[in-house]
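**Student:** Following this message is one structure expressed as structure tokens.
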Amino acid sequence: MALMLMIFGSLVACKKQTGCGLRTGPAVATGVHTPQDITRGEAIVITLSIKVPDTACVQGATARIAHVNRDTFHIRPEIVYSDPAQSEDCTCSRESTLKGSVVFRTDKAGAFYFTYDRERDMSNNSGGTFVITAH
């Protein structure tokens, strides 16, 4: 019986992995959609248009928000893509841009500043900014 368990364990360990092996990585945003004013305590969704690179098998997009200081936040757009070694088993997005979003909520009044990564242009402007005022 112990020998059968050892053989079965070896066969399971050698089984080929299937699936897409999803990973996340940094991306660039081509635009942002959000209200300019909110009510304290209200949760809002900040949506970014995220550029899909031609070099990856992209499955989707997402975004993360990080608190930088008292009233400033940074939103990092990300793509969800397939592990290159497993991408033959996956269906890639054919869209040139996808939507990624984060939720923002505050119990404080005031102006909140947001930065996000966007496509670099000839003026070396590598980031976008916007403000949301909470009343």
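**Student:** So, in nm, how far is label Arg105 from label Gln36 when the simple model puts each one 7 Å beyond its Cα toward the Cβ?
**Tutor:** About 2.6 nm, to one decimal.
**Student:** Let me ask something additional. If you keep only loop residues by DSSP, which GluC sites (Glu not before Pro) in segment 41-135 have at most 16 other Cβ atoms within 10 Å of their Cβ? Let's see the in-between values first.
**Tutor:** Numbers: sites: Glu42, Glu78, Glu88, Glu95, Glu119; in loops: Glu42, Glu95, Glu119.
Sparse-neighbourhood loop GluC sites (Glu not before Pro): Glu42, Glu95, Glu119.
**Student:** Now a separate question. At most 10 other Cβ atoms within 10 Å and a DSSP loop assignment: could you name the trypsin sites (Lys or Arg not before Pro) in segment 82-120 that fit?
**Tutor:** Sparse-neighbourhood loop trypsin sites (Lys or Arg not before Pro): Arg94, Lys108.
**Student:** Between Asn69 and Ala85, what length in nm is gained on full extension when 0.36 nm per residue of separation is reduced by their alpha carbon distance?
**Tutor:** Result: 1.8 nm gained on full extension.
**Student:** I need the shape label for segment 19-134. Rule: rounded when a/c is under 1.5, else prolate if a/b > b/c, else oblate, with a, b, c from the alpha carbon gyration tensor. Please list the in-between numbers first.
**Tutor:** Numbers: a/c = 2.69, a/b = 1.90, b/c = 1.41.
Because a/c hits 1.5 or more and a/b exceeds b/c, segment 19-134 counts as prolate.
**Student:** If you plug each phi of segment 95-103 into the Karplus form 6.51 cos²θ - 1.76 cosθ + 1.60 with θ = phi - 60°, what whole-Hz ³J(HN,Hα) values come out, in order, with x for Gly and Pro?
**Tutor:** For segment 95-103, the Karplus-derived couplings read 7, 8, 9, 10, 9, x, 9, 9, 9 Hz, x marking Gly and Pro.
**Student:** May I ask you to derive the relative contact order of segment 19-134, considering only C-alpha pairs under 8 Å and at least 6 residues apart, and to give it as an integer percent?
**Tutor:** Taking the mean separation of contacting Cα pairs over the length of segment 19-134, I get 34 percent.
Just so you know, all these numbers are worked out from the coordinates, no wet-lab data involved. This one's a predicted model, so the numbers in the text were calculated from it and none came from an experiment. Note that we place each Cβ from the backbone using ideal geometry, even for glycine, and neighbour counts take in every protein chain shown.
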